[in-house]
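Colleague: Please see the structure below; I have some questions.
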Amino acid sequence: MYKVGKIYEEFISNREGIIANLSDEGLLLKFLWKNPYENIINSINCEPFFQLYFKNDIMFLLIKFSDLKWIDIPCVFTENVKNFFSTDFVEFPVKIILVNSNTGKVFAVNNHNLPEGITKAFIQNIHTQKNISKKSAIEKINKIRSSFSASDMSLLSLGKT
């Protein structure tokens, strides 16, 4: 799919952020970073630590890469996505791609798995999460983020810090 060193015009946006796509193959996280420093590239290439945080019907996937701060990714699923999944996953697959959002160049493509306990909670939340509108989800996410940093969430989350 995506290869390190290649340039993909779809990623050129001059914005930073994380795009999360969920499919029957797992979770694809595209980290868009403007001109990522070498320490960011090296950190993203290390094995991450995963946790989950739940608040007001919103699930956040928390990721910690070696020297980087905690990163929070809100996960809100539609009915279409919920129908993809069964509880057969023991460790849920996560692919992480690091891209320079100025140039579209891919710096890292790594495959990981959520640990078994996190996988169970992640899949259970996929199936039990209430359907909320995009507007409502954004309001809830903004409210949570205004009260809790990703580091705060990690201290209150499912998983060990």
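Colleague: What is the residue count in the range 2-18 for residues that are in contact with a Leu (Cβ under 7 Å, 6 or more places away or on another chain) and surrounded by 14 or more Cβ atoms within 10 Å (Cβ to Cβ)?
Modeller: Here the count works out to 3.
Colleague: Among the residues of the range 93-110, write down those that are open to solvent by 10 Å² or more (accessible area, probe 1.4 Å), more than 12 Å from residue 35 (Cβ to Cβ) and in contact with a helix residue (DSSP H, G or I) (Cβ under 9 Å, 6 or more places away or on another chain).
Modeller: If the condition is that a residue be open to solvent by 10 Å² or more (accessible area, probe 1.4 Å), more than 12 Å from residue 35 (Cβ to Cβ) and in contact with a helix residue (DSSP H, G or I) (Cβ under 9 Å, 6 or more places away or on another chain), then 110 is the only one that fits.
Colleague: Taking residue 21 as meeting all but one of (1) touching a strand residue (DSSP E or B) at 6+ places or on another chain (Cβ under 8 Å); (2) farther than 10 Å from residue 99 by Cα; (3) surrounded by 16 or more Cβ atoms within 10 Å (Cβ to Cβ), write down the number of the exception.
Modeller: (3)
Colleague: Moving to a separate point now. Being in contact with a Phe, Trp or Tyr (Cβ under 7 Å, 6 or more places away or on another chain) and assigned to a strand (DSSP E or B) is the filter here; which residues of the range 1-20 pass it?
Modeller: Scanning the range 1-20 gives a single hit, 18.
Colleague: Under 7 Å by Cβ, and 6 or more places apart or on different chains, what pairs join a residue from the range 119-140 that is farther than 12 Å from residue 59 by Cβ with one that is at pLDDT below 90 and loosely packed, with under 12 Cβ neighbours inside 10 Å?
Modeller: 119/90; 131/79
Colleague: Next up: Somewhere in the range 45-67, is a residue open to solvent by 40 Å² or more (accessible area, probe 1.4 Å), in contact (Cβ under 8 Å) with a residue 24 or more places away in the chain, touching a strand residue (DSSP E or B) at 6+ places or on another chain (Cβ under 9 Å) and closer than 23 Å to residue 12 by Cβ?
Modeller: yes
Colleague: Continuing with this model, one more query. For residue 72, all conditions in the list (1) among the acidic types (Asp, Glu); (2) open to solvent by 60 Å² or more (accessible area, probe 1.4 Å); (3) at pLDDT 95 or above hold save one; what is the number of the exception?
Modeller: (2)
Colleague: Just checking, how many residues over the range 1-56 are hydrophobic (A, V, I, L, M, F, W, C) and more than 13 Å from the chain's Cα centre (by Cα)?
Modeller: Residues in the range 1-56 being hydrophobic (A, V, I, L, M, F, W, C) and more than 13 Å from the chain's Cα centre (by Cα): 10 in total.
Colleague: Can you tell me which of 81, 90 is modelled with pLDDT under 95, open to solvent by 70 Å² or more (accessible area, probe 1.4 Å), closer than 30 Å to residue 128 by Cβ and hydrophobic (A, V, I, L, M, F, W, C)? It would help to see each step written out before you state the result.
Modeller: On the way: 81 fails: open to solvent by 70 Å² or more (accessible area, probe 1.4 Å).
Exactly one of 81, 90 is modelled with pLDDT under 95, open to solvent by 70 Å² or more (accessible area, probe 1.4 Å), closer than 30 Å to residue 128 by Cβ and hydrophobic (A, V, I, L, M, F, W, C), namely 90.
Colleague: Let me ask another. Is it the case that some residue within the range 77-86 is in contact with a strand residue (DSSP E or B) (Cβ under 7 Å, 6 or more places away or on another chain) and under 24 Å from residue 151 (Cα atoms)?
Modeller: For the range 77-86, residues in contact with a strand residue (DSSP E or B) (Cβ under 7 Å, 6 or more places away or on another chain) and under 24 Å from residue 151 (Cα atoms): present.
Colleague: If you don't mind, another one. Examine the range 111-123 for a residue that is open to solvent by 10 Å² or more (accessible area, probe 1.4 Å), in contact with a Phe, Trp or Tyr (Cβ under 7 Å, 6 or more places away or on another chain), over 29 Å from residue 13 (Cβ atoms) and at pLDDT below 90, and state whether such a residue exists.
Modeller: Checked against the condition, which is being open to solvent by 10 Å² or more (accessible area, probe 1.4 Å), in contact with a Phe, Trp or Tyr (Cβ under 7 Å, 6 or more places away or on another chain), over 29 Å from residue 13 (Cβ atoms) and at pLDDT below 90, the range 111-123 yields no hits at all.
The values are calculated or read from the model by the stated rules, or taken from the named source; none is laboratory data. None of these values were measured; they are calculated from a predicted model. So basically every Cβ, Gly included, is an ideal-geometry build from the backbone, and we count neighbours across all protein chains shown. All accessible areas refer to the heavy atoms of the entire protein, side chains included, with ligands and DNA or RNA removed. Shrake-Rupley method; radii C 1.70, N 1.55, O 1.52, S 1.80 Å.
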